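Read the structure below first, then the notes.
None of the figures in this text is laboratory data; all of them are computed from the coordinates on show. Since this is a predicted model, take the numbers as computed values, not measurements. Heads up, the Cβs are rebuilt from the backbone with ideal geometry, glycines too, and the neighbour counts pull from every protein chain shown.
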Amino acid sequence: MLFLVLGLVLFLGVHSVRIVANGWRTQTLARWGEMPWKGLYSVVSAVGLVLIIWGYGLARQQPVVLWVPPIGMRHAAALLTLIAFILLAATYVPRNAIKARLHHPMVLGVKVWALAHLLSNGNLADVVLFGSFLLWAVLSFRAARQRDRAQNTVYAPGTAAGTGVAVVVGAVAWLVFAFWAHAWLIGVAPLGR
C-alpha cells in the first residue's frame, strides 16, 4: 500500500498545483520557461503513475475487503464508465456541445470513472485509489470553474456534428476498453466473459 500512496501523492500532487498554488505555478512557469516546467511535471507524473500501477498491483495480491458490492453495481459502473469515456472524448473533439456546456469534461470524466469504480469495488486499495482520484477531481473542477469565472472564459459553442463525433468516439473507445483492453491491461474483465 505504501507504493500506491506514494504514487498518488506524486501524481495527484503535481496535478494539484493549479488547485492549491496557481500563483506560484504561474510565477515558476514564467521563471523557468514552458519546456523545463513541462519536463519536470511529466517526469514526476510518470514516476507517480508507475508507482500507482505497481502499488495497486501489489495491494491487489493481498486484498483487504471492506465490503462486497452488490452484483448490480457492475452494471452501474459499466454505464458510468461509458459516460466517462464520452466526457474524455469531448475534451479533445472540437466544437462539441458537451465541452461548451460543461467546460471541463476531462475532470468530470475522472469524477464519473472514480465513482464507478468505488461503487463496484470494495477493497481498501480500491477505496484509496479511486477515492483519491474522486476527491482530486472534485477539487480540480471547483478550482477550474473559479479560474474560468475570474478570467471570464468563454467556450466555443458546440455543434451537432462535433457532439456526435465526441459521443461516437467515446462509445467506441469504451467498447474496446470494456470488452478487451481492461482485461488485457488490468487483468479484470469488467463485463465478464
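Mind running the shape call on region 1-44? Use the C-alpha gyration tensor, a ≥ b ≥ c as the square roots of the eigenvalues: rounded below 1.5 for a/c, prolate if a/b tops b/c, oblate otherwise.
oblate
Quote the relative contact order of the chain in percent (integer), defining contacts as alpha-carbon pairs under 8 Å separated by 6+ residues.
26
Where does the Debye-calculated log10 I(q)/I(0) of region 120-193 sit at q = 0.14, 0.17, 0.20, 0.25 Å⁻¹, using only Cα point scatterers of equal weight, no solvent?
-0.80, -0.99, -1.03, -1.05
What's the local net charge at L88, with K and R +1, D and E -1, over the other residues with C-beta under 15 Å away?
With Lys, Arg at +1 and Asp, Glu at -1, the neighbours total +2.
Are there chymotrypsin sites (Phe, Trp or Tyr not before Pro) in region 19-95 that DSSP marks as loop and that have at most 12 other Cβ atoms within 10 Å, and which are they?
W67
Determine ³J(HN,Hα), in whole Hz, for all residues of region 54-68 in sequence, where each value follows from phi through the Karplus function 6.51 cos²θ - 1.76 cosθ + 1.60 and θ = phi - 60°; x replaces Gly and Pro.
Residue by residue, region 54-68 yields 5, x, 5, x, 5, 5, 5, 6, 10, x, 10, 7, 9, 7, 10 Hz.
As a test of the formula, what do you get for the chain when each DSSP H run with n ≥ 4 contributes -39,500 (n - 2.57) and the sum is divided by the residue count, at 222 nm and rounded to the nearest 500 deg cm²/dmol?
Computed mean residue ellipticity for the chain: -25000 deg cm²/dmol.
Can you compute 3J(HN,Hα) from phi for each residue in region 170-177, using the Karplus curve 6.51 cos²θ - 1.76 cosθ + 1.60 with θ = phi - 60°, rounded to whole Hz and x for Gly and Pro?
x, 5, 5, 4, 4, 4, 4, 5
Once the chain is represented by equal point scatterers at the alpha-carbon sites, with solvent omitted, what log10 I(q)/I(0) does the Debye formula produce at q = 0.09, 0.20 Å⁻¹?
Result of the Debye calculation: -0.39, -1.48.
All other residues with a Cβ under 13 Å from the Cβ of W136 taken together, and with Lys, Arg as +1 and Asp, Glu as -1, what is their net charge?
+3
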